1. Based solely on its DSSP helices, what 222 nm [θ] is calculated for the chain when runs of n ≥ 4 H residues each add -39,500 (n - 2.57) and the sum is averaged over all residues, nearest 500 deg cm²/dmol?
2. If Lys and Arg each add +1 and Asp and Glu each add -1, what is the summed charge of the other residues whose beta carbon sits under 11 Å from the beta carbon of residue 303?
3. Of the listed peptides 312-325, 200-213, what is their order by residue-averaged count of other C-beta atoms within 10 Å, with the highest listed first?
4. Leaving ligands and nucleic acids out of the surface, order 144, 180 by accessible area at 1.4 Å, largest first.
5. Which GluC sites (Glu not before Pro) in the stretch 103-197 pass both tests, a DSSP loop state and at most 13 other beta-carbon atoms within 10 Å?
6. So for the chain: antiparallel DSSP bridges make up what percent, rounded to the nearest 5?
7. Please identify the helices of the chain, taking whole runs of DSSP H, that span at least 20 Å along their own axis as judged from the Cα atoms and have a mean Kyte-Doolittle score of 1.6 or higher.
8. Which value, in debye to the nearest 20, describes the size of the charge dipole of the stretch 85-191 about its Cα centre when Lys and Arg Cβ atoms bear +1, Asp and Glu Cβ atoms bear -1, and nothing else is charged?
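The values are calculated or read from the model by the stated rules, or taken from the named source; none is laboratory data. Since this is a predicted model, take the numbers as computed values, not measurements. Note that each Cβ is placed from the backbone with ideal geometry, even for glycine, and that neighbours are counted across all protein chains shown. Note: areas computed on protein heavy atoms with side chains; ligands, DNA, RNA excluded. Shrake-Rupley method; radii C 1.70, N 1.55, O 1.52, S 1.80 Å.
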Amino acid sequence: MKILVTGTAGFIGFHLAKKLLERGDEVVGLDNINDYYDVNLKYARLNELGIRHSEPHHRHSELDSESNTLIQSTKYPKHKFIKANLEDQEVINTLFKTQKFDAVCNLAAQAGVRYSLENPHAYINSNVVGFLNILEACRNFDVKNLAYASSSSVYGLNKSQPFKTTDKTDTPISLYAATKKSNELMAHSYSHLYGIQTTGLRFFTVYGPWGRPDMAPMLFADAIINDRPIKVFNHGNMSRDFTYIDDIVDGIIKVIDNPSKPLCHSEHPTTRHSELDSESNLPPQSSSAPYKIYNIGNNAPVKLMEFIEILENSIGKKAEKNFMDMQDGDVVSTYADTSGLINDFGYKPDTKLADGIGEFVKWYREFYGTQQ
């Protein structure tokens, strides 16, 4: 299968591309390598995929009808990469026209809840305009299989837990969350109008090697190892459904390999409403379009203080803690109901938090060259 994976310089996109290549798929990677966080980490991920930083990264205008404008991996014969913005419609269209993808997994986005309070336009450009360009390219160049990243942040002010995909998601508390909800709505319209098989994945607190520097595991590890205090928000009264990166990638691949199908007339929500409310992975307003939304998480939230203790044990050092009030745009707890993935694919994350944190700390020490 030939797959476009956007966001391959990012945490999840890098791991997904690597796993797909190792199983023999052909992967075209795309990323704009923005400076939201350390670009050296992004280039290091690309280097692991055989995309060397020393090679010239083609600018958008240099992509033409010839496929050799893409950078060829020196490690994986079936991997090419292009540096581009999702919002550059001409580049996206040319890429789809020349490469003829079987499937697309859109993981590129302007990430971060708190940063969306500071730079809202970046989120509209990348997450809304950019996603529209992906949808339009799928429509115009006959790509029927589209998986894309949503987020657990769409649940916003929902109080009921675990979060179910049947829950209303009309109260986002950050622009980032609002853009992710808009992606789900846009995807549904294209599934309904054009028959594109779209599957949205609401990610829950992904962690592991090569993780993002703006996320708690990296922030905490860096502070603890370098003798700085960590910021513990809401005075530690928080919990997260921490999910190891390998488990996340396994779930994504199941979705790519099994694109959503139209809901049969016999399965329409009007004929089995109670089932949909209790256990389906389809939202309440579902139509017969080939459209699905899944929660992808560990289905087992962990208290923040327990997470910190596990990290301390793995590092071998206690953290100095500054207890602080809740941040704007944040939520107290996340907890994924993953019954959709379980029922459809038998998906069950099996990485214990202590094991996953151990792998993360091992990578951190090797990558940043510290043995403290």
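1. Working: 12 runs with 133 residues, N = 372.
It lands at -11000 deg cm²/dmol.
2. Working: positive: 240; negative: 306, 309.
Net charge around residue 303: -1.
3. Values: 312-325: 13.9, 200-213: 22.2.
Result, highest mean Cβ count within 10 Å first: 200-213, 312-325.
4. On the way: 144 80, 180 10 Å².
The most accessible residue leads, giving 144, 180.
5. Working: sites: 118, 136, 184; in loops: 118.
Filter output for the stretch 103-197: 118.
6. Values: 4 of 41 bridges.
If I count the DSSP bridges inside the chain, around 10 percent turn out antiparallel.
7. Working: long enough: 175-194 (28 Å, -0.47); 353-368 (22 Å, -0.21).
Long hydrophobic helices here: none detected.
8. Values: 10 positive and 10 negative charges, 73 e Å.
Here the stretch 85-191 has a charge dipole of around 340 debye.
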